[in-house]
1. Is it the case, given these coordinates, that K297 is touching a Gly at 6+ places or on another chain (Cβ under 7 Å) and open to solvent by 40 Å² or more (accessible area, probe 1.4 Å)?
2. Just name the residue that is farthest from T235 (Cα to Cα) out of those in the stretch 205-216 that are open to solvent by less than 20 Å² (accessible area, probe 1.4 Å) and of a type in the set (S, T, N, Q).
3. For the structure I just gave you, tell me whether A131 is modelled with pLDDT of 95 or more and surrounded by 21 or more Cβ atoms within 10 Å (Cβ to Cβ).
4. Determine whether the stretch 308-315 contains at least one residue that is open to solvent by less than 50 Å² (accessible area, probe 1.4 Å), touching a Leu at 6+ places or on another chain (Cβ under 8 Å), modelled with pLDDT of 95 or more and within 23 Å of V219 (Cβ to Cβ).
5. Which residue, of G154, G170, is among the small types (G, A, S) and not in a strand (DSSP E or B)?
6. So how many residues does the stretch 253-277 have that are within 31 Å of the chain's Cα centre (by Cα) and either open to solvent by 50 Å² or more (accessible area, probe 1.4 Å) or not β-branched (V, I, T) (or both)?
7. What single numbered condition from (1) within 27 Å of G308 (Cα to Cα); (2) open to solvent by 30 Å² or more (accessible area, probe 1.4 Å); (3) at pLDDT below 95; (4) not aliphatic (A, V, I, L, M) fails to hold for S249?
8. For the stretch 136-149, name all the residues that are touching a strand residue (DSSP E or B) at 6+ places or on another chain (Cβ under 8 Å) and open to solvent by 10 Å² or more (accessible area, probe 1.4 Å).
Amino acid sequence: MRTCPRIFIRTGLAVALASITAGSVLAQDATEAFESFPSISTTGKTQKLTGFSPLTSDPTQGGTLKDVKLEALLTGKGQPVEAGLTWRVFSPIPGSDGKLPLLATSEGGSTAFSLVPGEYFVNVAFGRAAATRKIRIPEDGVLDKQVLVLDAGGMTLNAVSGSDVRIPPGELSFSIYSSETQSDGERALIAADVKPSTVLRLGAGTYHVSSNYGTTNAVITADIQVEAGKLTEATIQHKAAKLTLKLVSEPGGEAIADTGWSILTSAGDIVDQEEGAFPTLVLLEGNYTAVARNKNKIYQRDFTVKAGVNTDIEVLLTNGGAAASPEAAAEAQD
């Protein structure tokens, strides 16, 4: 079950870690946020490096070494990125496996490689953003410093329940997908199980975000724009609530152990099954029926979930007591 999202988005040039508080955004240099925030450090797949011109000799063999200075910018007019970069240098001549051999790597910020004259592919990755350039080192003279523009920004995600009820980070997760659908109708997964407040380094563009609150049916999707050189903070509003189920003999009474639970929608579809005296779950707002099974008897109660209103749902022993059908008894044992 999905619902239309309400999203609060703040976009700044960057937000330094020490300056973050709820409801505040400070514009800082665009690289500071990415240096300070917790982030997913893996770079994912680099771009395919196949568009090269065939050469008659291997540029990695022989010749005098020359220094090649490299730096990367988030935007064409930005400052050099001084942390979080992964540089890779490839030969343009495929190996026996058909792939371009990796010749050198470097991590950090601006860097330099010593290479013999010839042609190379240089790739720089910043999180899940990357740029690639083919360079030619001349036999004579000095090669100018090579500046690669990443056209990258950042995105950090969070969510609330109802209008402003904080959701514990351990109960939230996000998945990031490409905005375009593939031939099979699916979207390419970019990052899975992303925790709240994690900064994702991404190429500029639109991304399809799925937010999961709990593990039942509280799922919201939204398209979020990442701008080059900027950090986008998006807070998604879930229309859901956390509930605790209890089978009791009287209102406010002690929960009865060894109880099996089924949660049904108003249409009669099962959305969750639980076991225990007081299981906790998250449900999208709407009308439901709680069915409790205890000692081969069934008790039930209709209830309504309101966004952001976390509460207990008590089912009284007086609400039913009919003998469970063989099918229901079998479900209770599964």
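The values are calculated or read from the model by the stated rules, or taken from the named source; none is laboratory data. None of the values given here were measured: they were computed from a predicted structure. Quick reminder, even Gly has a Cβ in these numbers, built from the backbone with ideal geometry, and neighbours come from all protein chains shown. Ligands, DNA and RNA are stripped out before the accessible areas are found, and what is left, the full protein with its side chains, is counted by its heavy atoms. Shrake-Rupley method; radii C 1.70, N 1.55, O 1.52, S 1.80 Å.
1. Against the criterion (touching a Gly at 6+ places or on another chain (Cβ under 7 Å) and open to solvent by 40 Å² or more (accessible area, probe 1.4 Å)), K297 qualifies.
2. The qualifying residue farthest from T235 (Cα to Cα) is S210.
3. no
4. Yes.
5. G170
6. Count: 8.
7. Just one mismatch for S249, condition (1).
8. Across the stretch 136-149, the qualifying residues are R136, V142, L143, K145, Q146, V147, V149.
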